[in-house]
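Just so it is clear, none of the values below were taken in a lab; they were calculated from the coordinates. Predicted, not measured: the structure shown is a model, and the values here were computed from it. Here the Cβ positions follow ideal geometry from the backbone for every residue, glycine too, while neighbour counts run over all protein chains shown.
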Amino acid sequence: PGIEVIQTDCGPVCIQICYDIEFPELSRLAVEKGAQLFFVPFNTDNRHGYMRVRTCAAARCVENHVYVAIAGCTGNLPFCENADIHYAQSAVLTPLDVTFAREGIGAEANPNIETVVIYDVDLELLRRHREQGSVQNWNDRRLDLYNVTETPNTPAQN
């Protein structure tokens, strides 16, 4: 189906489920379509998996000048095969620059605690950051060396 960006009253949103955030090209395509907020629901069973999702989400903030909200399952479901153990620390991540939250963490939950995380995102701040931030990752892309394009999904060739 392709990369979808949903226009909401809170800004243009892209949803990337868990593993999707680990591929920078997907986020680049979504930002080219106007995405400024990413929602990343995830389900990881250990800290290693969680840190992979979180680290990649933080990288997408820096690369694309966006906010990323990650939200995972916590607690244990002992009678659900392959979903019996969860590890999560939900958070709202920001670009890393002086005008944003310290360490790029707008808000975060305690690890493995069921809670609601709230953070007010400022889309005007994102716009100014993209134009005048101390690092211009989006504007400094080397489009003379590479191109990221969305292609129709085709069956694999043998």
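Rounded, prolate or oblate: which fits the stretch 56-158, taking a ≥ b ≥ c as square roots of the Cα gyration tensor eigenvalues, rounded meaning a/c under 1.5, else prolate when a/b beats b/c?
The shape class here is oblate.
Taking the simple approach of a point 7 Å from Cα along Cα-to-Cβ for both Asn139 and Lys33, what is their distance in nm?
2.6
Per 0.36 nm of contour for each residue apart, how much would the distance between Glu4 and Arg52 grow if the chain were fully extended, relative to their Cα-Cα spacing?
Here the segment from Glu4 to Arg52 would lengthen by 14.9 nm.
For a protection proxy built on the mean count of beta-carbon atoms within 10 angstrom, sort 76-89, 33-46 highest first, please.
The most tightly packed comes first, giving 33-46, 76-89.
With the dipole of the stretch 6-132 worked out from charges on the C-beta (+1 for Lys and Arg, -1 for Asp and Glu) around the Cα centre, which of Ile17, Val68, Thr99 lies farthest toward the positive end?
Thr99
Compute, for the chain, the length of the dipole vector about the Cα centre, with Cβ point charges of +1 (Lys, Arg) and -1 (Asp, Glu) only. Units Debye, rounded to 20.
300
What is the spin-label model distance, in nm, from Ile85 to Ala71 if the labels are put 7 Å beyond Cα along the C-beta direction?
It works out to 2.6 nm between the two label points.
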